[in-house]
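In what follows, a structure is listed as structure tokens, so that the remarks can point back to it.
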Amino acid sequence: MAATGVVAEPKTKYDRQLRIWGDQGQAALEKASICLLNCGPTGTEALKNLVLGGIGSVTVVDGSKVEASDLGNNFLLDEGCLGQPRAKSICSFLQELNDAVKAKFVEEFPAHLIDTNPSFFSQFTVVIATQLPESSLLKLDDICRKADIVLVAARSYGLTGLVRVSVKEHCVIESKPDHFLDDLRLHNPWTELKQFAKSIDINDKDPVVHKHTPYIVILVRLAEKWADAHDGNMPSTRQEKKEFKDLIRAHMLNIDEENYKEAVDSSYKVSVTPGISNEIRQIIDDDSAEVNSSSSDFWILVAALKEFIAKEGNGELPLEGTIPDMTSLTEYYVSLQKIYQAKAEFDCLALEHHVKEILKRIGRDPDSISRAYIKTFCKNSRKLRICRYRSFEEEFSSPMVSEIQRYFTDEDYSYAMNFYILLRAVDRLAANYSRLPGVFDSEIDEDIPRLKTVAASVLSEMGLNGASLSEDLITEMCRFGGAEIHPVAAFVGGVASQEVIKLVTKQFVPLRGTFIFNGIDLKSQVLVL
């Protein structure tokens, strides 16, 4: 009994999050190794969330000692930590939050470690860099990209902050979009589905049977009737779709038949354009789909998917195999479930065959990709996503001028763009004066024109010659004095940890650009630069 209790404990501890990313996602988290650079409030908040979520191991890199100012904005520190290494104190408290997580620290300033020991970072799954100046961030990004390590940069600065992901390529199978059309194939039903639909008389006058015929059956039957009368075509124009709805309503015996109301509401599904989406087309036509022995499992599956579409799929993707809840007799619903599951299993086996053949061709073990992984891929083949990120060097040295100008002149995005430029400008000013603007109250008035001048040079480099920033924001950035205010740090750190979870579990789509938090107007926006 004791052994059983030990095994069940992690599932109990992580019960709620398991419902979101499942056993596979949790297993990925527990295998991950995270490095945090600088454990101020922003970094601490990010790491706290990951430790509570059951991340495998964390390493905190920070060369500072705990000062009195740390106690006011970092809830993991107390008076007993004063004078102690900040990394050591944070690690100790994090370990208390979840003793299943391995935590260690390196008492060294991140900038020095980046300069002297770049190979240090190759041991990690993700590096979270907080409060790093631009010069160090550029070097770290280059190190991480060469080692294929994911970098998440986060910074809070007064009432603003940013989060930015950097990795060459991130492939997502379980993107889990908020809204997505059910994969029912009503526009192109296969033989078994059509046979089942024909076995049910939708004109049956028995009120119980009639009002419990699944809407899938109703739509398959009536779509076939429509096609017979319209040269094999489905409803396409607005008028035709209205007429098709009228055809459905004409088969109702009573106005309270929920199944027919469901059929009317879902009638548009018979008019879905056959084939695959443009986004999936771009993925299967990507150069990486031309695989070799060094290709990732994801791209091998994409290559197999391309072959499946051309052969067994007849231009369609593998069926997902699930159906939504609907008004139906239990026996009808169970039969439909089995029909969809059988088709999905058939498609999965076909794709698995292509995978094995490709693996043989490129000289790899044909069983090296698990069936569970292939099955997950099949189920989510309509929702695949590829995220490719420009490096920080590319972003800074080769600005996308048209996008920058669009953001800068757009009233909704102009403040976010202003903050982005000012966050870069404060680092340059700090490099010249060895301090951030506004750190000393007595020099704020002098720092404002200094920051304005530096910001103008950043604007010029970005292709915005002659443009000017908000005078009020320049003043506010100086008043911030580089402070990490705990509520802002908690929010920015929370966003950073959320992105790390997406990247580690390879579920959901991570931020595609630079996330900017505007604490003055309480707005969050993403700039794709």
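Points to keep in mind about this one:
- Accessible surface of the chain [probe 1.4 Å, protein heavy atoms]: carbon and sulfur percent: 50 percent
- Remark: the range 78-158 projects, on average over all directions, an area of 6.7 nm² (convex hull of Cα atoms).
- Over the range 278-388, volume per residue of the alpha carbon convex hull, in Å³: 113 Å³
- Under 17 Å from the GLN123 label point (7 Å along Cα→beta-carbon), backbone N, the range 39-83: 56-63
- The residues neighbouring ARG238, those whose beta-carbon lies less than 15 Å from its own, together hold a net charge of 0 under the Lys/Arg +1, Asp/Glu -1 convention.
- Only Cα pairs under 8 Å and 6+ residues apart enter the sum, and on that basis the relative contact order of the range 397-480 stands at 33 percent.
- Considering only trypsin sites (Lys or Arg not before Pro) in DSSP loops that have at most 16 other Cβ atoms within 10 Å, the longest stretch of the chain without any of them is 1-167.
- Å² per residue, accessible surface of the range 397-480 at 1.4 Å: 49 Å²
- With R₀ set to 22 Å, the beta-carbon distance separating ARG371 from THR322 gives a calculated FRET efficiency near 0.75.
- Calculated FRET value between SER414 and GLU393, using beta carbons and R₀ = 25 Å, to 0.05: 0.45
- Close amide H contacts of VAL150 (hydrogens built in the peptide plane, cut-off under 5 Å, sequence separation of 5 or more or a different chain): VAL127.
- Solution diffusion estimate, µm²/s, Stokes-Einstein, the range 397-480, Kirkwood Rh from C-alpha pairs, 37 °C, viscosity 0.692 mPa s: 253 µm²/s
- Cα-projected label distance for LYS31 with GLU169, points at 7 Å along beta-carbon direction, nm: 1.9 nm
- Amide H to amide H distances under 5 Å link LYS65 with ARG86, where only residues 5 or more positions off or on other chains count and H is placed in the peptide plane.
- For GLU107 and LEU253, a Förster radius of 56 Å and the Cβ-Cβ distance give a FRET efficiency of 0.10, rounded to the nearest 0.05.
- Rounded accessible area per residue of the range 278-388, 1.4 Å, Å²: 48 Å²
- Projecting the Cα atoms of ASN117, PRO487, SER57 onto the charge dipole of the chain (Cβ charges, centred on the Cα centre) puts SER57 farthest toward the positive pole.
- Relative contact order computed over the range 278-388 (Cα-Cα under 8 Å; 6+ residues apart), in percent: 33 percent
- Label-point separation in nm, LYS338 to ASP201, each point 7 Å along Cα→Cβ: 2.3 nm
- As a length-normalised measure over Cα pairs under 8 Å and 6 or more apart, the relative contact order of the chain settles at 21 percent.
- Tilt relative to the chain, helix 15-31 - C-alpha long axis, 0 to 90 degrees, to 10: 60 degrees
- Kirkwood hydrodynamic radius (C-alpha pairs) into Stokes-Einstein, the range 191-271, 37 °C and 0.692 mPa s, D in µm²/s: 256 µm²/s
- 1.4 Å probe accessible area per residue over the range 191-271, in Å²: 55 Å²
- Potential extension, LEU97-ASN233 segment - 0.36 nm per residue separation minus Cα distance: 42.8 nm
The values are calculated or read from the model by the stated rules, or taken from the named source; none is laboratory data. A quick note: this is a predicted structure, and the numbers were derived from the prediction, not measured. Here Cβ is always computed from backbone atoms with ideal geometry, including for glycine, and neighbour counts include all displayed protein chains. SASA here: full protein model, heavy atoms, side chains in, ligands and nucleic acids out. Shrake-Rupley method; radii C 1.70, N 1.55, O 1.52, S 1.80 Å.
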